[in-house]
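Asks: Once you've had a glance at the structure underneath, I'll fire off some questions.
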Amino acid sequence: MGKYFGTDGFRGEANVDLNVEHAFKVGRYLGWYFGQQGKARVVIGKDTRRSSYMFEYALVAGLTASGADAYLLHVTTTPSVSYVVRTEGFDCGIMISASHNPYYDNGIKIINASGQKMEAEVEQKIEDYIDGIIDEIPLATKENIGKTVDFSAGRNRYIGYLISIATRSFKDKTVALDCSNGSASAIAKNVFDALGAKTLVINNEPDGTNINTNCGSTHIEILSNFVRENNVDAGFAYDGDADRCIAVDELGNVIDGDSIMYVCGVYMKERNMLEHDTVVTTVMSNLGLYRAFDAAGIHTEKTAVGDKYVCENMMANGYCLGGEQSGHIIFSKHATTGDGILTSLKLMEAMIEKKETLSTLTRNLKIFPQILINVKVTDKVRAMEDKEVLAAADKVTSALGDAGRILLRSSGTENLVRVMVEAETDELCKQMADSVVEVIKERGFQA
């Protein structure tokens with residue numbers, strides 16, 4: 001990770017950690033960098049945060065000042081930007097979003113011409129320009145100044161693409177969507193309506209400050225209750241930029257990213273669509289998932305946390321399914337990034353083709369109890385390297401043996417140390433996790 005760019009872009013509180021001058025300079029550098037071989041074309045999408053409009057204008061100013069043409073998708077999803085970049089011949093794409101973070105945060109995600117997250121070396125050059133390490137770059141003049149283009153047609157083509165992926169009509173199915181007052185608000189209902197579903201939508205009225213607020217994939221209990229109360233076949237909740245999905249079965253039970261990978265992995269293997277019979281996960285996936293995959297004859301590969309790393313592994317090895325417990329699921333035949341709406345469609349496909357409910361499709365998956373404690377710290381690097389903290393984690397590993405595990409890691413986007421424990425009971429999870437958190441506090445790392 002760099003000084004500004006983490007595992008999921010340049011993210012922080014708007015006009016505190018990430019301000020308009022940063023955005024302007026990101027645009028300035030990208031416009032110049034991709035314009036060295038001719039006029040650059042950059043496409044921009046944004047979520048519904050109030051500050052997204054501010055950052056959009058700053059990025060456009062920087063891009064056009066460097067001579068690049070800026071194409072605006074307006075409010076849209078991260079995966080739609082990825083799709084448009086790789087299918088419409090853009091030099092790169094920019095998504096303005098802080099994903100599942102509160103409305104007052106925001107972020108700048110840069111997507112390369114292949115529709116994947118931008119290479120670290122380019123992000124480093126942008127950081128160097130922001131910090132004045134790279135000399136000032138020239139301003140475009142006269143006819144070389146870039147133009148700004150309304151490109152909402154690109155978003156509409158993405159909607160058409162999603163509709164084309166579905167293998168069956170959703171007629172006679174009732175589906176609930178929690179759009180998190182975010183990017184999915186502009187797209188999801190259109191897709192499900194076009195496929196014939198009876199579509200019930202909640203949290204679909206963004207006002208600039210209500211994105212992710214008691215809604216969406218980070219507050220799945222809202223959708224669970226709605227499904228129980230409205231006789232729904234399946235529910236799908238998205239985060240702010242709709243690159244992740246958490247589902248709810250017809251009984252209101254939560255189907256997280258691990259469960260989604262299980263349902264889709266088994267379905268694809270049964271139909272000889274799972275390349276190398278392998279699913280790519282991160283180290284955060286539940287032990288129960290690995291045991292269920294073993295029973296189904298499905299291999300797994302583990303990566304560091306972040307859909308970026310999942311995607312890199314999939315592309316390098318020819319795998320077609322991978323993802324994270326948090327709901328970033330990648331279907332590489334159709335997309336190069338996590339796509340919440342696409343994930344919903346693939347789950348619907350499995351349900352309809354197998355003529356089963358989501359609850360029956362997950363019946364052979366037994367998830368271990370898990371606890372995740374996020375400890376806000378003053379220095380996550382020092383905390384993660386502290387000998388006594390590491391010794392406490394080793395002690396938990398020895399105590400659990402083969403009946404559980406502990407994972408200690410730092411956040412890629414925040415100053416947090418995450419303590420995750422899986423064990424046979426909730427009580428044991430909490431006891432083991434608390435023992436490590438207590439050492440972090442005793443060592444003086446807690447902020």
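Residues checked against (1) closer than 27 Å to Lys355 by Cα; (2) modelled with pLDDT of 95 or more; (3) among the polar types (S, T, N, Q):
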position: Ala194; (1), (2), (3): yes, yes, no
position: Glu205; (1), (2), (3): no, yes, no
position: Asn210; (1), (2), (3): no, yes, yes
position: Asn214; (1), (2), (3): no, yes, yes
position: Ala234; (1), (2), (3): yes, yes, no
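Asks: Checking Thr378 against (1) of a type in the set (Ser, Thr, Tyr); (2) over 30 Å from Thr77 (Cβ atoms); (3) modelled with pLDDT of 95 or more, which single condition isn't satisfied?
Replies: With (1) of a type in the set (Ser, Thr, Tyr); (2) over 30 Å from Thr77 (Cβ atoms); (3) modelled with pLDDT of 95 or more applied to Thr378, the lone miss is (3).
Asks: Inside region 314-363, can you point out the residues that are crowded, with 20+ Cβ neighbours inside 10 Å, of a type in the set (S, T, N, Q) and over 20 Å from Ser99 (Cα atoms)?
Replies: Residue satisfying the conditions is Thr362 alone.
Asks: All but one of (1) surrounded by fewer than 23 Cβ atoms within 10 Å (Cβ to Cβ); (2) in contact (Cβ under 8 Å) with a residue 12 or more places away in the chain; (3) part of a loop (DSSP other than H, G, I, E, B) hold for Asn272, so report the exception by its number.
Replies: Tallying (1) surrounded by fewer than 23 Cβ atoms within 10 Å (Cβ to Cβ); (2) in contact (Cβ under 8 Å) with a residue 12 or more places away in the chain; (3) part of a loop (DSSP other than H, G, I, E, B), Asn272 fails exactly one: (2).
Asks: Something else now. Has region 173-192 got any residue that is in the same structural domain as Glu349 (by TED's automatic domain parsing), out of contact with any strand residue (DSSP E or B) (no Cβ under 7 Å at 6 or more places or on another chain), among the aliphatic types (A, V, I, L, M) and buried (at least 17 other Cβ atoms within 10 Å of the Cβ)?
Replies: Yes: region 173-192 contains one or more residues that are in the same structural domain as Glu349 (by TED's automatic domain parsing), out of contact with any strand residue (DSSP E or B) (no Cβ under 7 Å at 6 or more places or on another chain), among the aliphatic types (A, V, I, L, M) and buried (at least 17 other Cβ atoms within 10 Å of the Cβ).
Asks: One residue is enough: does region 4-18 have a residue meeting the conditions surrounded by fewer than 17 Cβ atoms within 10 Å (Cβ to Cβ), under 30 Å from Ala304 (Cα atoms) and in contact with a Gly (Cβ under 7 Å, 6 or more places away or on another chain)?
Replies: There is at least one residue in region 4-18 that is surrounded by fewer than 17 Cβ atoms within 10 Å (Cβ to Cβ), under 30 Å from Ala304 (Cα atoms) and in contact with a Gly (Cβ under 7 Å, 6 or more places away or on another chain).
One line per residue, one yes/no per condition, for (1) within 26 Å of Glu143 (Cα to Cα); (2) more than 22 Å from the chain's Cα centre (by Cα); (3) assigned to a loop (DSSP other than H, G, I, E, B); (4) not aromatic (Phe, Trp, Tyr):
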residue	(1), (2), (3), (4)
Lys25	yes, yes, no, yes
Ile44	yes, no, no, yes
His100	no, no, yes, yes
Asn106	no, no, no, yes
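Asks: So which residues in region 293-342 are over 17 Å from Val283 (Cα atoms), touching a His at 6+ places or on another chain (Cβ under 9 Å) and either assigned to a strand (DSSP E or B) or β-branched (Val, Ile, Thr) (or both), if there are any at all?
Replies: Thr337
Asks: Determine whether Asn364 is part of a helix (DSSP H, G or I) and of a type in the set (S, T, N, Q). Break it down into steps so the answer makes sense when it comes.
Replies: Working: part of a helix (DSSP H, G or I): no; of a type in the set (S, T, N, Q): yes.
So Asn364 fails the test.
Asks: Oh, and also: Specify the residue that is modelled with the lowest pLDDT; the eligible residues are those in region 62-98 that are part of a loop (DSSP other than H, G, I, E, B) and over 21 Å from the mean Cα position of the chain (by Cα).
Replies: Looking at residues that are part of a loop (DSSP other than H, G, I, E, B) and over 21 Å from the mean Cα position of the chain (by Cα), I get Gly89.
Asks: Within region 93-131, take every residue that is more than 24 Å from Ser332 (Cβ to Cβ) and hydroxyl-bearing (Ser, Thr, Tyr) and give me the one that is surrounded by the most Cβ atoms within 10 Å (Cβ to Cβ).
Replies: Tyr103
Asks: Let me ask something else. Show me the strands (runs of 3 or more DSSP E) entirely contained within region 140-238 in which 3 or more residues are of a type in the set (Phe, Trp, Tyr) and in contact (Cβ under 8 Å) with a residue 40 or more places away in the chain.
Replies: Details: elements: 148-150, 174-178, 198-202, 234-238.
Where strands (runs of 3 or more DSSP E) fall fully within region 140-238, none carries at least 3 residues being of a type in the set (Phe, Trp, Tyr) and in contact (Cβ under 8 Å) with a residue 40 or more places away in the chain.
Asks: Do you know which residues across region 239-254 are part of a loop (DSSP other than H, G, I, E, B) and at negative phi? Full working, then the answer.
Replies: Taking region 239-254 as the starting set, the residues that turn out to be part of a loop (DSSP other than H, G, I, E, B) are 239-244, 249-253.
Passing the criteria: Asp239, Gly240, Asp241, Asp243, Arg244, Asp249, Glu250, Leu251, Asn253.
Residue-wise test of (1) under 22 Å from Tyr290 (Cβ atoms); (2) among the charged types (D, E, K, R); (3) outside any loop (DSSP other than H, G, I, E, B).
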{"site": "Ile373", "(1), (2), (3)": "no, no, yes"}
{"site": "Met384", "(1), (2), (3)": "no, no, yes"}
{"site": "Glu388", "(1), (2), (3)": "no, yes, yes"}
{"site": "Ala391", "(1), (2), (3)": "no, no, yes"}
{"site": "Thr397", "(1), (2), (3)": "yes, no, yes"}
{"site": "Arg409", "(1), (2), (3)": "yes, yes, yes"}
{"site": "Glu424", "(1), (2), (3)": "yes, yes, no"}
{"site": "Met432", "(1), (2), (3)": "yes, no, yes"}
{"site": "Gly444", "(1), (2), (3)": "no, no, no"}
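The values are calculated or read from the model by the stated rules, or taken from the named source; none is laboratory data. As the structure is a prediction and not an experimental result, all values here were calculated from the model. Because the Cβ atoms are built from the backbone with ideal geometry, glycine has one as well, and the counts that use them run over all protein chains shown.
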